[in-house]
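Report on the structure given below.
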Amino acid sequence: MTAPLDAAAARTAPPAVRTRDLRLTLESEAGEVNILRGIDLTVGQGETVGIVGPSGSGKTSLLMVVGGLEQATGGTVEVAGQDLGVLDEDGLARFRRENLGIVFQDFHLIPTMSALENVAVALEFAGRKDAFARAAEELAAVGLSHRTGHYPGQLSGGEQQRVALARAFAGSPRLLLADEPTGNLDEHTSDQIVDLLFGMHAREGTTLLLVTHQRSLAERCGRMLTIRDGLVAQDRPALRQAGD
Amino acid sequence: MASGLALSCRIAWRDLAGGPGPGFRGLAIFLACLVLGVTAIAAVGSLSRSFVAGLDRDGVKLLGGDVDLRLTHRAAEPEQLAWLAGKSRARSDVIEMRTMARPLDPKARRSLAELKAVDGAYPLAGSLVTDPALPLPGILAARDGVWGAAVDGNLLTRLGLKTGDRVRVGEAEFAIRAVIVKEPDRVASVFSFGPRLMISRDALPATGLVQPGSQIRYHHRLLLPRGVSVPAFIEDLKERFPDAGWRIRAADEAAPGVRRFVDRLSLFMGFVGLTVLLVGGIGITNAVSGYLDRRAATIATLKCIGAAGRLIFAVYLIQVLILAAVGVTLGLALGAALPWLGVVTFGHLLPVAPEPGIHPTALATAAAFGLLSAVTFALWPLARAREVRAGDLFRDRVAPARRRPRTEYLVLIGLGGAALAALTVATAGDRWFAYWFVGGAILFLSVLRGAAWAVGRLARACKRPPGARLRLVVANLGRPDSMVPSVVTSLGLGLAVLVAVALIDANMTRQVTERLPERAPAFFFLDIQPDQVAAFDAAVTAVDGTANLRRVPSLRGRITRIDGRPVDQVEIAADSQWAIRGDRALTYAATRPEASAIVAGEWWPADYSGPPLISLDANLARGFGIGLGDTLTLNVLGRPITATVASLREIDWRSLRFDFAIIFAPGTLEGAPHSHVAAVEAPASAEDAVERAVADRFHNVSAIRVREALEAAARIMEGVSWAVRGVAAVTIAAGALVLAGTIAAGHRRRVYDAVVFKVLGAGRGRVLGGYLLEYGALGLLTAIVGAGVGTAAAWGIVVHLMNSDWAFDAPAALSTALFCLAVTLLMGLYGTWRAMGQKAMPHLRNQ
């Protein structure tokens, strides 16, 4: 397990995310759509950033570009010092398995694999010999050691999201991308998941980019970014942090 | 690399073993298509090898010995027989000829019969089964001055006789003492002129049938001492009697006609099996495509957590291989078991009982085809699956990739196709036909695919057709995931095969049942002795209604050398091999026959006298690779005659007119003992009178009723064509499977559409009517395109491969096309009926 970064290391390490004039334009039947229109953003190692904004503003697209899942059409994006623009498809896949964890609103577990296998598979991609032992540890960390052999269809929504969290954190990623991680959960379960997410962040020191519609959730991050019309409309410390 | 493969295998297996995930049920069509294709190929291969094994096993029985020496017109010389006796442990001499069997009642019908006169040693191998079961010498022996005979039950039926009655053959009378139930050396011939009549060789002189030049076949059959090699004996024999002129056959060539028939039939059936696999291949593509489309979210997830595209491709390729292995194994089991069951159950009913067994080569070939086609046809969807956009997971709408696969995968698909073509050519018994099959398959698949594309384009170009129902039909036909391409290609190909088979069959049957009788004479007469010709001509022409009597001298000879080289050292075209297989009918003439036209050289003067000259069939000359001025050497009655080719004639054998491939100039054959053959035209009502006029007066002359022979040929063709159609129908079954898969794949869309229509107030009848219209249009399009392609294929085969006349048989094509339309409508109706029964709310919620 990776130890949390200390202050000195954080100062010398490259930023977790750095974008310069980041642009994303997609073709559609109605013509070109400018989704990101020049985003400049630097996120330091270990930071937590809540990203908010109205629907269609470009929040998720920003996450996709940072995750190497969408190719920027302009500008640059660096994650952990790596320029994603120079990597091919296989390079991006390798980069993701070594550096990124992703949590989705819809969990996206593999329905034909058990909870343990869902967590282990990501570690197997990374060539970890102890994939299953490590996966079991992670599931225990999210309170699911009694459900390891269950398939996603046999788990509740909250349990599925815990498995997804375990999968995302299992490889000790440098950067965790979370897209509406509580969007499909009830309030009580959402609170549990959010506590887990921040708890694991605190344990691992992972940089966190969290897209949400819930301002209250974004306020739990150290920094809050508001995206509007493909641009950063506001970038400020979260109120809770500012109040501390 | 190895660890990557191990990881791919682990994930592929884990994913499969985790239970039926999304889209797994659609793979049933994958398995069904593969099982059907592999079963067809394995079954055809196994059955064919069972027949060949049966022929090999029974070779000595079918031949009547280890070696058979056959001479025409004459028996072997005493010196030759003495040498044979010294070299063998047993010998049997058998004489065969055609004759007329006549009941004692002068008003009763006569019948052509295949006469077999056997000696006391017959049969050397196997046993003759008779009813009543009596020893053969006792049956055939003379009792109270009357010789005995054993006959086919068929002959009794034809003559209206029973066991114990008497029958006249030539000048002699025979008591029918037994019915032949099984004759060990009666080789299954596809066609024979008459039923068997077996007598003693000692009785033959009494018949008076042995006349100079009569078409009599003398067989000398030998059992060699144990340990003597048959090929070495044959070499020895050839060396000892190089000009004996006999046809030598060993047990491995006991039934060459049957062997050729089995080879041809299995070649054709094998191609049908491959077509089934080809049609099923489209089903495989669709099934894998549907499966991977439903797995798009899983693929995107795997990519998000770091799986490279190559790993995705490998994982699903391994799954396809696992399923293909299951399908191939099932197909092989069925393909091995069905012929085995068939052979064990029905084998004894066949003239040559096939040898039941497992045939590894046939199964290995089928397995190779199955695996290769499964992988080749799955490559396209597999290659597209790696293009699934992982980022779509964020949008909650993971769409299946619709991009064209990367170049390296297109190359792989091309290589897979090339390997399938190479395997087809390498495993086919006839390379030339295999090339035609591969070329035809590529052409017709392209045409069908092109037609499907054109229909889609047309539907998309069609702006706002009148009426909501028609608009919906046109929209569904033109939509990107329309059923048109796969249904038109797969069901269309199956239909094309069936239409082609139906049309070829209709053309060949028409040739035999309509066209030939128009031109053909009513009778052929054999073995007319030179001293009978005047009386024969008078007797035949005296019958009212007879016309165009033609009579020519005839004797038989074997081609032994072509332009000085022994025939076994000459490369002879496949379509000319028949001429060197046995004895050829020869004639001589001063003037050119009317039926054929000279295409090279000149006909000799009517009063020609000089070195031997021949006029040769131009096609045979091409097949032999010789021309004017070259020579042919023939063994006629044991004497080699070398003649120079003076002219070439184009002969239309289909006319059934009298003609000969080899005609000698006057001056060579006249001195040899020979008989005459004749043909005469007569109305059906005069046939009995003609037969009586000849059979009663000329006991040695055989009369062949052409109408009966053609009817017998038509019956055989009908039997074969039903078998062929039955196998060809399997291609339609494969097409129907693809259609079922396509309908199943579109089920969700249809359910949703039906639900929306119902919510919008459309009645059940209206929605159903709309879908029926869509399936009707799809079925009609498929029927038109498939029937068109099938007709073009049949035309090409009839006109160019069979060199026959072509006529379009509309009922044959239309009935087959209508069948296809009905299949589409029925399956569509079933699918729609299921969709209509769905409750609205769950589907609207899920969307």
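The values are calculated or read from the model by the stated rules, or taken from the named source; none is laboratory data. Note that the coordinates shown come from a computational prediction; the quantities given were computed from them, not determined experimentally. Virtual Cβ from ideal backbone geometry, glycine too; neighbours counted across all protein chains shown.
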Legend entry - Test result for A:GLU70, within 10 Å of chain B (Cβ to nearest Cβ), in contact with a strand residue (DSSP E or B) (Cβ under 7 Å, 6 or more places away or on another chain) and crowded, with 22+ Cβ neighbours inside 10 Å: yes
Inset, instruction - Can you confirm whether segment B:32-51 contains a residue that is in contact with a Phe, Trp or Tyr (Cβ under 8 Å, 6 or more places away or on another chain), under 27 Å from B:GLY331 (Cα atoms) and within 14 Å of chain A (Cβ to nearest Cβ)? - result: no
Inset, instruction - Go through segment B:353-372 and give me each residue that's assigned to a helix (DSSP H, G or I) and of a type in the set (Val, Ile, Thr). - result: B:THR361, B:THR365
Legend entry - Only listed residue being buried (at least 17 other Cβ atoms within 10 Å of the Cβ) and more than 31 Å from the chain's Cα centre (by Cα), chosen from B:GLY417, B:GLY478, B:GLY440, B:GLY494: B:GLY478
Inset, instruction - Look at segment B:243-258 and say how many of its residues are in a strand (DSSP E or B) and of a type outside the set (D, E, K, R). - result: 2
Legend entry - Residues of segment A:43-67 satisfying the condition of being within 14 Å of chain B (Cβ to nearest Cβ) and closer than 29 Å to A:ALA202 by Cα: A:ILE51, A:GLY58, A:LYS59, A:THR60, A:SER61, A:LEU62, A:LEU63, A:MET64, A:VAL65, A:VAL66, A:GLY67
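Rundown of residues vs (1) at pLDDT below 90; (2) on the phi < 0 side of the Ramachandran plot; (3) out of contact with any strand residue (DSSP E or B) (no Cβ under 6 Å at 6 or more places or on another chain), yes/no style:
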position	(1), (2), (3)
B:GLU514	yes, yes, yes
B:GLU518	yes, yes, yes
B:PHE523	yes, yes, no
B:ALA535	no, yes, yes
B:ALA539	no, yes, yes
B:ALA542	no, yes, yes
B:ASN548	yes, no, no
Legend entry - Residue among A:GLY44, A:GLY58, A:GLY38 that alone is of a type in the set (Gly, Ala, Ser), at pLDDT below 95, under 14 Å from A:LEU231 (Cβ atoms) and surrounded by fewer than 23 Cβ atoms within 10 Å (Cβ to Cβ): A:GLY38
Legend entry - Some residue of segment B:686-703 being assigned to a helix (DSSP H, G or I) and touching a helix residue (DSSP H, G or I) at 6+ places or on another chain (Cβ under 6 Å): yes
Legend entry - The listed residue being touching a Phe, Trp or Tyr at 6+ places or on another chain (Cβ under 8 Å) and at pLDDT 85 or above, out of B:LEU555, B:LEU503: B:LEU503
Legend entry - Condition broken by A:GLY143, with the remaining ones in (1) assigned to a loop (DSSP other than H, G, I, E, B); (2) within 18 Å of the chain's Cα centre (by Cα); (3) away from every other protein chain (no Cβ under 12 Å) satisfied: (2)
Legend entry - Selection from segment B:1-31 of residues that are modelled with pLDDT of 85 or more, surrounded by fewer than 18 Cβ atoms within 10 Å (Cβ to Cβ) and within 14 Å of chain A (Cβ to nearest Cβ): B:LEU5, B:ALA6, B:CYS9, B:ARG10, B:TRP13
Legend entry - Every residue from segment A:184-211 that is among the β-branched types (Val, Ile, Thr), touching a residue at least 40 places away in the same chain (Cβ under 8 Å) and either out of contact with any Pro (no Cβ under 7 Å at 6 or more places or on another chain) or more than 25 Å from A:VAL232 (Cα to Cα) (or both): A:THR207, A:VAL211
Legend entry - Residue ID - nearest to the other protein chains (Cβ to nearest Cβ), chosen from residues in segment A:73-106 that are part of a helix (DSSP H, G or I) and touching a residue at least 40 places away in the same chain (Cβ under 8 Å): A:ARG97
Inset, instruction - Considering only residues that are within 55 Å of the chain's Cα centre (by Cα) and at pLDDT below 70, look in segment B:390-408 and name the one that is surrounded by the most Cβ atoms within 10 Å (Cβ to Cβ). - result: B:VAL398
Inset, instruction - Report yes if some residue within segment A:162-183 is out of contact with any Lys or Arg (no Cβ under 7 Å at 6 or more places or on another chain) and exposed (fewer than 14 other Cβ atoms within 10 Å of the Cβ); otherwise report no. - result: no
Inset, instruction - Hand me the list of helices (runs of 4 or more DSSP H) wholly inside segment B:36-143 holding 2 or more residues that are touching a residue at least 60 places away in the same chain (Cβ under 8 Å), surrounded by fewer than 17 Cβ atoms within 10 Å (Cβ to Cβ) and not assigned by TED's automatic domain parsing to the domain that holds B:THR424. - result: B:78-87
Inset, instruction - Output the number of the condition that B:ILE284 fails; it satisfies all remaining conditions of (1) in contact (Cβ under 8 Å) with a residue 24 or more places away in the chain; (2) within 14 Å of another protein chain (Cβ to nearest Cβ); (3) of a type in the set (Val, Ile, Thr). - result: (2)
Inset, instruction - Identify the single condition in (1) within 10 Å of chain B (Cβ to nearest Cβ); (2) at pLDDT below 90; (3) touching a helix residue (DSSP H, G or I) at 6+ places or on another chain (Cβ under 9 Å) that A:ARG128 does not satisfy, given that it satisfies every other one. - result: (1)
Inset, instruction - Give, as residue ranges, the strands (runs of 3 or more DSSP E) completely inside segment B:172-242 that count at least 3 residues that are under 31 Å from the mean Cα position of the chain (by Cα). - result: B:172-182
Legend entry - helices (runs of 4 or more DSSP H) within segment B:465-584 that include 3 or more residues more than 30 Å from B:SER289 (Cα to Cα): B:484-510, B:516-519, B:533-541, B:578-581
Legend entry - Long-range neighbours under 7 Å by Cβ, at least six apart or interchain, first residue more than 20 Å from A:PRO237 (Cβ to Cβ) within segment A:44-66, second at pLDDT below 90 and in a loop (DSSP other than H, G, I, E, B): A:SER61/A:GLU70; A:MET64/A:GLU70
Legend entry - Subset of segment B:308-352 (residues that are within 14 Å of another protein chain (Cβ to nearest Cβ), touching a residue at least 40 places away in the same chain (Cβ under 8 Å) and either assigned to a loop (DSSP other than H, G, I, E, B) or of a type in the set (D, E, K, R) (or both)): B:ARG310
Inset, instruction - Show the residue pairs that are 6+ apart or on different chains and have beta-carbon atoms under 7 Å apart, the first residue being within segment B:378-392 and facing another protein chain (nearest Cβ under 9 Å), the second being in a loop (DSSP other than H, G, I, E, B). - result: B:ALA390/A:LEU69; B:GLY391/A:LEU69; B:GLY391/A:GLU70; B:ASP392/B:VAL398; B:ASP392/B:ALA399
Inset, instruction - Would you mind stating whether B:VAL187 is within 30 Å of B:ARG49 (Cα to Cα), modelled with pLDDT under 90 and crowded, with 22+ Cβ neighbours inside 10 Å? - result: no
Legend entry - Residue selected from segment B:81-103 under the condition more than 37 Å from the chain's Cα centre (by Cα) and hydrophobic (A, V, I, L, M, F, W, C), by the criterion farthest from B:ALA149 (Cα to Cα): B:TRP83
